[in-house]
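The values are calculated or read from the model by the stated rules, or taken from the named source; none is laboratory data. Remember, predicted model here, so these are calculated numbers, not experimental data. For neighbour counting, all protein chains shown are included, and Cβ atoms are generated from backbone atoms with ideal geometry for every residue, glycine included.
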Amino acid sequence: MPHSLATVRALLDRRLIFVTGKGGVGKTTVSAALGLVAARAGKRVLVCEVAAQERITAAFGLPPTGFEEVEIEPGLHAFSANPDDSIREWLYYQLRSRTLAGLVSGNRIFGYLAAAAPGLAELVTIGKLWELAQIERKTPKSAPYDLVIVDAPATGHGLALLQAPQTFGEIARVGPIHRQAETIHAFIRDPTATAVVAVTLPEEMPVSETIDLERRLDGALAMPLERVFVNAVLSERLTAKDVEVLEDTSGGSAQVRRAIGASLAAYETTRAQRTQLARLRRTLAAKAVTLPHLLTPDVERPDLDRLAGALERKL
Amino acid sequence: MSGGSLETVVRSKDVVVCAGSGGVGKTTTSAAIAAGMAARGNKVIVLTIDPARRLADALGLPAVGNEECRVAPERLERAGLDGNTSGELWAMTLDAKRTFDELVERNAPDAATRDAVLGNSIYRQLSNAVAGSQEYMAMEKLYELHQSGRYDLVVLDTPPSRNALDFLEAPGRLTRFVDSRSLAFFRASGGVGLGLFGRGAGALFAVLKRATGLDLLHDLADFFNAFGGMAQGFRDRAQSVEALLRDQRSVFLLITAPRAAAISEAGFFHDRLVELDIPLGGVVVNRVRRRVNVSTGQALEDALSVCLDPQLARKVSRNTDDHNRLADRDAENVERLVKQVGTTPTFIVPQLSGDVHELEALATMAKCLLRS
């Protein structure tokens, strides 16, 4: 498509990209592949997880990074954000004393508050993500990134993460939290700085959830869904004519009948995928980019290269 | 251990909790188990969180939540889910916010307290928050439905959380939040006697004051003041819910799919559930592809060429190869899971053709799962 080269540049030229979508659609894989594309284009990139599962480094065959920015390939860095470390770091910036920060974060009541205060974990997490994406970093001895890609939580929780600064800006009406929340919110809402993309599968529930995500993103944050990556799209070998021929084929050995049966079932699956893809494209304002089904047991380094290649070609 | 019937696992239970990571078919599995057990003559309700529109339509669920709806017997009959006429299938979609409000209404000592809590800005954020409150309220509703005594079996489809075990931990977290000890901290918002609240309490108060302004501290103090009288009620309730989940009458099922990532997560959750001493009845693996028994590559292509033109024979042969690659991948993943979960039984649901959001497909799935 002629528009795509320019638009993917525009996408990867943001400072912060949130990758969200329904559980199990491949958000981590797509985040890692996007990171590879940007790093190959010469950018200094950070791919950041928030679920503490450390699946990105695992896909690269590396040990977990924890709350530490680690270069895993030339230009490509990984990091895993978690609320506990984020809040300790935030307290330190507020109090400018490790002792005081330790005292406060060790307090039992603070523990209760931090664990259950609505949206607090999301606020400190997005605060850390914002910090990572700044040109002027707060973290001592840190260098700025051209791009931070967030492997964000699934739809509802992902939205809660994006909305946390707005929510807190409203709860705390004055003071530093109010100001910080407003600053982060403004950065997220700035279309030259931040983009939200979704990963989905060509199946009913993931497609419905993507359509719902675009609507809710617009409603809650007045933000567009920048792009949708439709993962695991199967290629179709059979034509409608082939199907007719196969359906009319009688006889043949048992294995021939089984193979034809499997082929016709596969055709049904790809047809169902097409239907869902068409529904997605019909309903969604965002552009949908398809990615091939990998047909491999687990996502490993060569698979990421294949996906990165597909993204480079398609975007 | 693999195979066997899930019916023997759930037959003697009052509560079935279906847990697992996102996108593995939790809602469909919950509905299929409920439908299958209803067809065996039980009065069953399935509590769903966010069903696909077509599944909701198939069950005849209204758009609004928190309403117990009976699935019309004619629908079940048409789908072949009418084995025993004394059975009833009911369904409900959870409305977390409304469940929380009802809990406050029930626990409030008087109308003034109730209104103070429901109108408090902190409470509104708390009850609307996705993280935590949905999990807590799913447990609350499960307990309520069980306590009502109206059902032989309650099947819970757990919320899509960042972590599949959040629903176990959320009630405790929220209870500790509204616990009287943290309440007293904010009541002492003048700063007098803060030392009672442990080392760092004074500094914590100063940080909160500086970072959020006094307004927020007042909102919090109001919230905890209003909540004060109800904390005990919430604590008692959380204990009862926890007791029910650990009771002999309850069983957890771990739901997963044969994708590598889902299998790894299921293995992890399995170990955690065992560690937490949660009664785990088995692991259900959905959408498992079965290998087609054919010879490979050229041999198959040659066999196909007997009745198909060479080009089409090649296409069919390649399609079959792809299918078998995926089936092998599924088999490897399932094997890995079976090894990890040890003595916990696993139940395999083959990939079903057709639309799993129709009652007929639920019937097929129920037969796979509950067959004797």
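Total residues in the stretch A:58-106 satisfying the condition of being more than 21 Å from the chain's Cα centre (by Cα) and on the phi > 0 side of the Ramachandran plot: the figure is 1.
Sort out which residues of the stretch B:174-225 are more than 39 Å from the chain's Cα centre (by Cα), part of a helix (DSSP H, G or I) and at pLDDT below 65, and write them in order of number. Selection gives B:Leu194, B:Gly195, B:Leu196. Listed here are the strands (runs of 3 or more DSSP E) enclosed by the stretch A:55-171 that have at least 2 residues being buried (at least 16 other Cβ atoms within 10 Å of the Cβ) and of a type in the set (Gly, Ala, Ser): A:76-80. Residues in the stretch A:264-315 that are over 18 Å from the mean Cα position of the chain (by Cα) and of a type in the set (Val, Ile, Thr): A:Thr269, A:Thr270, A:Thr275, A:Thr283, A:Thr296. Within the stretch A:10-39, the residues that satisfy the criterion of being within 13 Å of chain B (Cβ to nearest Cβ) and not in a helix (DSSP H, G or I) are A:Thr20, A:Gly21, A:Lys22, A:Gly23, A:Gly24, A:Val25, A:Gly26. The set of residues from the stretch A:246-257 being in a helix (DSSP H, G or I) and surrounded by fewer than 17 Cβ atoms within 10 Å (Cβ to Cβ) comprises A:Glu247, A:Asp248, A:Ala254, A:Arg257. Among the residues examined, B:Leu89 qualifies as not in a helix (DSSP H, G or I) and not hydroxyl-bearing (Ser, Thr, Tyr). Scanning the stretch A:179-226 for residues that are part of a helix (DSSP H, G or I), under 30 Å from A:Ala278 (Cβ atoms) and without any contact (Cβ under 8 Å) to a residue 40 or more places away in the chain yields A:Ser208, A:Arg215, A:Asp218, A:Gly219. Considering the stretch A:191-231, and only residues there that are among the small types (Gly, Ala, Ser) and out of contact with any Asp or Glu (no Cβ under 9 Å at 6 or more places or on another chain), the residue that is farthest from the other protein chains (Cβ to nearest Cβ) turns out to be A:Ala193. In the stretch A:240-275, of all residues being more than 7 Å from every other protein chain (Cβ to nearest Cβ) and among the charged types (D, E, K, R), the one that is nearest to B:Leu304 (Cα to Cα) corresponds to A:Arg257. Being part of a strand (DSSP E or B), in contact (Cβ under 8 Å) with a residue 40 or more places away in the chain, more than 9 Å from chain A (Cβ to nearest Cβ) and over 20 Å from A:His293 (Cβ atoms) is a condition met by at least one residue of the stretch B:349-360.
Within the stretch B:246-268, the set of residues being farther than 30 Å from A:Lys27 by Cα and surrounded by fewer than 20 Cβ atoms within 10 Å (Cβ to Cβ) comprises B:Arg246, B:Asp247, B:Gln248, B:Arg249. State whether one or more residues within the stretch B:58-68 are modelled with pLDDT under 90, surrounded by 13 or more Cβ atoms within 10 Å (Cβ to Cβ) and within 14 Å of another protein chain (Cβ to nearest Cβ). Yes, that holds for at least one residue.
The set of residues in the stretch B:237-271 that are more than 12 Å from chain A (Cβ to nearest Cβ), of a type in the set (D, E, K, R) and more than 17 Å from the chain's Cα centre (by Cα) comprises B:Arg237, B:Asp247, B:Arg249, B:Asp271. With the checklist (1) modelled with pLDDT of 90 or more; (2) more than 18 Å from B:Ile255 (Cβ to Cβ); (3) surrounded by 18 or more Cβ atoms within 10 Å (Cβ to Cβ) in hand, flag the one item B:Leu359 doesn't pass. Every listed condition holds for B:Leu359 apart from (1).
Within the stretch B:280-323, the set of residues being within 36 Å of the chain's Cα centre (by Cα), at the interface with chain A (Cβ under 8 Å from one of its Cβ atoms) and touching a residue at least 24 places away in the same chain (Cβ under 8 Å) comprises B:Val292, B:Thr320, B:His323.
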